[in-house]
Amino acid sequence: MQTVLGANGQIADELVRELHRAYTRDIRLVSRNPRPIHPSDELVPADLMDAEATSAAVAGSDVVYLTVGLPMDSALWEDRFPTMLAHTIAACRTHGSRLVFFDNTYMYPRTAAPQTEETAFEPVGRKASVRAHLATMLLTEMAAGTIEAVICRAPEFYGPGKTQSLTNSAVFDRIRAGRRALVPLSAHTRRTLIWTPDASRAMARIGNTPEAYGRTWHLPCDPNRLTYAEMIDVAAEVAGRRIRYTTLPRWVFRLGGLVNASVREVEELLPRYAQDNVFDSSAFAARFPDVPVTTYREGITRLLAG
């Protein structure tokens, strides 16, 4: 049995499809209101804020994937994420399940230095502090040998379906709608984005590779990082038309944050767009050379055709 906690988000849905395609039909989907992806999926409604419910949802699982997503709300993250992870760790210990934790890069330094699996945490802001705390919680348990686990870390998403990110909403969704793209802070810094199906496919591979546990993996991204200006040029070539964009300075987000809570939550992340973002996934590429990686051109072409 392989169990997905936080089912029916974009990462989780793609993960379930990959597990079903390549590894097992014995899949359990756990969320408040889980919906099946395949007829054989087992559905378990559970609230991960409830320790007993979490333990019952994990019981009988060989591998557990924690893919829970929460809205961009710092207070909500501080209140719920640590408790959910603590309950999941306890449940996996109780039932002898391996844990695959899906993570992001918010805890990394806000610099142009390449980010590797050994990059030290330097969280700035509430959401970054939560992510650093979560990763440290799990790393501590792993080092103590209380749980067999692995951290799968990904940079900003772009991709199909329900994929949510600033890049998707401000750039590619607007291009698809025939509107001017909106670029945060700079169109000329290199960005590392991960195609969401690639993240899920790689996580499934790691979860089903016993020797991959006990460490952090950066999930695979196109190493030929493009700037937003270059991505928009690719989109223009694919669409066969000129695509205009506007670069939004930070003061626009600050002003918007005065009246819009969602914009206010995004502002914490903006310094990351002011310089290159170089997320290094070469360790994964070396260990799993047969796992395909979607290039920016391939991804943009699929987005605009969808």
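Data for the structure
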{"item": "Relative contact order computed over the chain (Cα-Cα under 8 Å; 6+ residues apart), in percent", "result": "18 percent"}
{"item": "Pairwise centroid distance, computed over Cα atoms, of the range 164-241 with the range 1-24, Å", "result": "21 Å"}
{"item": "Ellipticity estimate at 222 nm from DSSP helix runs (n ≥ 4, -39,500 (n - 2.57)) divided over the chain, nearest 500", "result": "-12000 deg cm²/dmol"}
{"item": "Computed lengthening from Glu267 to Glu237, 0.36 nm per intervening residue step minus Cα-Cα distance", "result": "7.7 nm"}
{"item": "Spin-label model distance (nm) - Ala113 vs Leu70, 7 Å beyond Cα toward Cβ", "result": "2.9 nm"}
{"item": "Given charges at beta-carbon only (K, R positive; D, E negative), |dipole| of the chain in Debye", "result": "1140 debye"}
{"item": "Candidates Gly69, Gly178, Gly125: whichever shows maximal mean-square fluctuation once the chain is modelled as a Gaussian network with Cα springs under 10 Å", "result": "Gly178"}
{"item": "Loop-located trypsin sites (Lys or Arg not before Pro) in the range 243-306 whose Cβ has at most 11 other Cβ within 10 Å (DSSP)", "result": "Arg244"}
{"item": "Choice from Val252, Val30, Val68 showing the highest fluctuation, given a GNM over the chain with Cα pairs closer than 10 Å", "result": "Val252"}
{"item": "In the range 5-42, trypsin sites (Lys or Arg not before Pro) in a DSSP loop with at most 15 other beta-carbon atoms within 10 Å", "result": "Arg25, Arg32"}
{"item": "DSSP-assigned coil residues among GluC sites (Glu not before Pro) in the range 104-206, each with at most 13 further Cβ atoms within 10 Å", "result": "Glu118"}
{"item": "Theoretical gain in end-to-end length, Thr146 to Leu304 [0.36 nm per residue, Cα-Cα removed]", "result": "52.3 nm"}
{"item": "Counting DSSP beta bridges with both ends in the range 1-61, the antiparallel % (nearest 5)", "result": "0 percent"}
{"item": "Beta bridges by DSSP in the chain, antiparallel share as percent, to the nearest 5", "result": "5 percent"}
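Rule-based calculations on the coordinates, nothing more; no lab input. As the structure is a prediction and not an experimental result, all values here were calculated from the model. Cβ sites come from the backbone with ideal geometry, for glycine too, and all protein chains shown count toward neighbours.
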